[in-house]
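In what follows, a structure is listed as structure tokens, so that the remarks can point back to it.
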Amino acid sequence: MGADGVAGSLGRAAAGKSVGRLLSATGAITIASCLGVIAAIAQSQSQPSGGEQPAPPSSQLPPISVTAPEVKRSSAPPKRSAGAGGARRQQAARQVQPQSEARPFMQTQDARTGTVGVYANSTSVATKTNTPLVDIPQSLSVLTKDFIQDQGFQNLTDITRYVPGVAVHQGEGNRDELVIRGVDSSANFFVNAFRDDVQYFRDFYNAQSVEVLKGPSALTFGRGSGGGLVNRTLKEADGTRFYEASAQTGSWGDRRVTLDAGQAINDNVASRLNVFYEGADAFRDFNHLERYGINPTVTLKPDDDTRVKLSYEYFHDERAADRGNPSQTPVGGASRFNPATPFAPNGDFSTFFGSPSLNKAIATVQTGMAIVDHDFGNGLTMRNGTIVADYQKFYQNVYPGNGPLLGAVNVADTAFNLAAYNHTTNRNNIFNQTDFIYKTSTGPALHTVAFGTEFGRQSGIDVRNTGIFPNGTNTIVANPFAPTYFGPVAFIHHFTGTNTDGVTAADGNSKYLLNIESAYARDTIEITRWVQLIGGARFDRFDNSALDMNTGINRARVDDKVSPSAAVIVKPIETISIYTMYSVSYLPASGDQFSALAPGTVILQPQEFEMEEAGLKWNINPRLLFSSAIYNLNRTNQPTADPNNPGFFFPSGSTVTRGFETTLVGYVTPAWQSSLAYAYTDARITSATSTTIVPGNRVQLVPYNQFAWWNKYQIDSVWAASLGIIYFSDSYASSDDTVRLPGFVRFDAGLFATIDEHWRAQLNIENIFNRGYWASADGNNNISPGQGRTVRLKATYRF
């Protein structure tokens, strides 16, 4: 390794230690503040000064409490509307509090977004300013905290099955990974609009809502997000007095406890603390998990125009990594015209094709955030946010792979092959975002101008070791009817592709650095009450370098890209919008995880995603939103292996996804909440990316048809019940279309009891009819079965 490489490595190591020390100090300060607040509150005899309203009678819609605006100078010039009708709707809903009442600390998150039950009226995630969903020219799903809690799910891969156009990728059994509109990604995850792109399983214990945006969103979020993205908005300290604890038990030895507590300390400080622990086994043999987290937050209000929000989170997730089952080779071999099917020995979906002692995935995440919001008056507001995050991630797998059939069960059902590896993917992230929103007018036209910058630094290591079995090679033959492996495995790093144990490629060993510099501007022009024009662009500089620790070679690449976006919204009446939009985003050739640069990738241009979408949104009533959209998404510059030059590629691969999506979300009647979703998705290969992934093939894991319908009915003031149905038509485990995953239907149900003002109980049953189905995959021979009937019982106490 050269002197520059050594210096760079030492610098990154020092930076990583600094990040760890900074997060530890931030966490200690924030936790101490919160614990002090909780102790003070526990001694307080004050009565609740806000909180959630009692359950509404079934004869009227649930109320939304919208706090009266604080008395201060105007933050915007006079105008016709906000978001073509948004301000008029909010003004109609606002109820002015009597002046004798104490002014609340700040507006609650639910009040700010008009959230009640399953319905959310607005969000700031898509546009960086709070905007009614009906006025956002993009397909967008908001999963509220009530919807998440009513489902009883705590994983992204569970909750997103109710979102149209989103399919679940297995993620090698160690991470969240989704396929949105035909684009697979393990990196398009965000938290409070900051990039959260390391590969791990997230939890919802501190989530206020989850937003799923469809299509390229580079103008707001930057690189990637070609098919869409997922953002978690966290609970914040808004001054509401709130104490709630829950305990859950259920199938597979599930045990989960949570605490959510906080309130205003005085007129200028509020605090909140979220804590959880969960441990469980699983329906799969030898599977288990243990995870826990703590998230204290503090909000400071130095004056009426400024908010400072501080947050620290420590999160740990440890579980068995499970890459699922192999496929069963048909007579004549698997092909596009003779596809294979997944293999379950004797129809038993619980059999584990791995090692009970060796398969594991461990993630420890520490995150510190500081966000400052300020209103300058005269229409100008500012938000500056910083996140510092430290990710420690390790996973290890014994799984079906290698051998003559790459892990598939042979035609005679007598043998298959196992492979093994482990992988360390630690990373440090630092991001700073500054956003300005300026509301003004030019003649009769009203403008909402957004502009800002983002600067980021991401550094880490990526080290992979190959497993060598007792036979001295990287694979071993096993019996598919007794596939669990109990023997030893030696995990060895291979520095070259010339080895005596059958390993023909060097194991990855990289230290990398990515610097991001971005700036954007967008103008939303309300020409009349009925027409809005939106246009904007974002400039991104991706400065990526990676030191190959096997060879000591440092490679670097810089990409400068401009991502445009434009839309037209027509509003024949205030509650209906008809829109068309165009957007573009880019993904650097180093990929989602950008952890290595090889001679063949360092010369490639970024992949490009280009989408046109047209849609309609209609607020049928004040708490019921209908949305529909058609779209065309083109992905180009995908690397295609050069058959005459191993390790090099042609940027000629491409796919196209065309589809239709529709949702109906909210209150159909005062007692009936519903979330109805349908998607038709045709994702196709249009230019070959390999000799087997050729034009006309369907993109992996994307069903033609997806349907989901969840309903909750309030029977009386005590009892409520829910019923959900999920349908996925068939799909393929990979884009070579040689292993078919059959379609499936699943039913879920829930029963809810509000016992008194303090106690609630909840019973959820997932997969009521215990139907066996194949839920996801990571290639042709790592196919995950869906979970059998699962029961969860939860009791919640509000202090």
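The values are calculated or read from the model by the stated rules, or taken from the named source; none is laboratory data. Small disclaimer: the values here were computed from a predicted structure and weren't measured. Reconstructed Cβ throughout: ideal geometry from the backbone, glycine too, with neighbour counts over all protein chains shown. Quick note on the areas: whole protein, heavy atoms, side chains included, nothing else; ligands and nucleic acids left out. Shrake-Rupley method; radii C 1.70, N 1.55, O 1.52, S 1.80 Å.
The string of couplings for the stretch 416-426 from the Karplus curve (6.51, -1.76, 1.60, θ = phi - 60°) is 8, 10, 10, 10, 7, 6, 9, 8, 10, 9, 6 Hz, one whole number per residue in order, with x for Gly and Pro. Using a 1.4 Å probe on the protein heavy atoms, what percent of the accessible area of the stretch 570-671 belongs to carbon and sulfur? Using a 1.4 Å probe with all protein chains present, the stretch 570-671 comes out at 66 percent carbon and sulfur. In the stretch 383-478, carbon and sulfur make up what percent of the accessible area (probe 1.4 Å)? After summing per-atom areas, the C and S share lands at 63 percent. Only the Cβ atoms of Lys and Arg (+1) and of Asp and Glu (-1) were treated as charged; on that basis the dipole of the stretch 676-799 about its Cα centre amounts to roughly 180 debye. Does the stretch 579-681 come out rounded, prolate or oblate, given a ≥ b ≥ c as the square roots of the eigenvalues of its C-alpha gyration tensor, rounded meaning a/c under 1.5 and, failing that, prolate meaning a/b above b/c? Prolate, since a/c reaches 1.5 and a/b exceeds b/c.
So what's the back-of-envelope 222 nm ellipticity for the chain, counting only DSSP H runs of four-plus at -39500 (n - 2.57) apiece and dividing by all residues, rounded to 500? All intermediate terms of the calculation are to be shown ahead of the outcome.
Numbers: 6 runs with 69 residues, N = 799.
So the helix-based figure for the chain works out to -2500 deg cm²/dmol.
In order along the stretch 547-556, the phi-based Karplus estimate (6.51 cos²θ - 1.76 cosθ + 1.60, θ = phi - 60°) of 3J(HN,Hα) comes to 9, 6, 6, 6, 10, x, 8, 9, 10, 8 Hz; Gly and Pro are listed as x.
Near Asn697, the amide H atoms lying under 5 Å from its own belong to Ile685; only residues 5 or more places off or on other chains count, and H is placed 1.01 Å from N.
Using the heavy atoms of the protein chains and a 1.4 angstrom probe, tell me the accessible area per residue for the chain in square angstrom. Intermediate values should be presented prior to the final figure.
On the way: 30610 Å² over 799 residues.
That works out to 38 Å² per residue.
To the nearest 10, the accessible area of Phe286 is 100 Å² with a 1.4 Å probe.
About its Cα centre, the dipole of the chain is roughly 1040 debye, where the only charges are +1 on Lys and Arg Cβ and -1 on Asp and Glu Cβ. Shape call for the stretch 700-792 from the C-alpha gyration tensor, a ≥ b ≥ c root eigenvalues: rounded (a/c under 1.5), prolate (a/b greater than b/c) or oblate? It comes out prolate by the Cα gyration axes. Work out the charge dipole of the chain with +1 on the Cβ of Lys and Arg and -1 on the Cβ of Asp and Glu about the Cα centre, then indicate which of Gly262, Gly502, Leu300 is farthest towards its positive end. Highest projection toward the positive end goes to Leu300.
Which pairs, out of Lys145/Lys393; Lys128/Lys511; Lys235/Lys617; Lys128/Lys617; Lys360/Lys561; Lys309/Lys393, put more than 31 Å between their alpha-carbon atoms?
On the way: Lys145/Lys393 28 Å; Lys128/Lys511 34 Å; Lys235/Lys617 28 Å; Lys128/Lys617 20 Å; Lys360/Lys561 39 Å; Lys309/Lys393 28 Å.
In this structure, Lys128/Lys511; Lys360/Lys561 exceed 31 Å between Cα atoms.
Between the amide H of Glu177 and those of His169, distances stay under 5 Å, these residues lying 5 or more places away or on another chain, with hydrogens modeled in the peptide plane. Which of rounded, prolate, oblate describes the stretch 219-349, given a ≥ b ≥ c as roots of the alpha-carbon gyration tensor eigenvalues and a/c under 1.5 marking rounded, otherwise prolate only if a/b is larger than b/c? It is oblate, given that a/c is not under 1.5 and a/b is not larger than b/c.
For the stretch 512-521, 3J(HN,Hα) computed residue by residue from phi via the Karplus equation (6.51, -1.76, 1.60; θ = phi - 60°) reads 9, 8, 10, 9, 10, 10, 9, 8, 9, 8 Hz, glycine and proline entered as x. Taking a sphere under 15 Å around the Cβ of Phe747 and counting the other residues whose Cβ falls inside, with K and R at +1 and D and E at -1, yields a net charge of +2. The largest accessible area among Ile265, Ile783 belongs to the first residue in Ile265, Ile783, and the rest follow in falling order (1.4 Å probe, all chains). Of the options (i) 82, 55, 52; (ii) 92, 65, 51; (iii) 97, 60, 53, only one is Cα extents along the principal axes in Å as computed from these coordinates, and that is (i). Seen against the Cα atoms of the chain and their longest principal axis, helix 3-43 is set at about 40 degrees. Less than 5 angstrom separates the built amide H of Phe650 from those of Thr640, Ala641, Asp642, all sequence-distant by 5 or more or on a different chain. Structural descriptor for the chain: relative contact order 13 percent, calculated from alpha carbon pairs under 8 angstrom and at least 6 residues apart.
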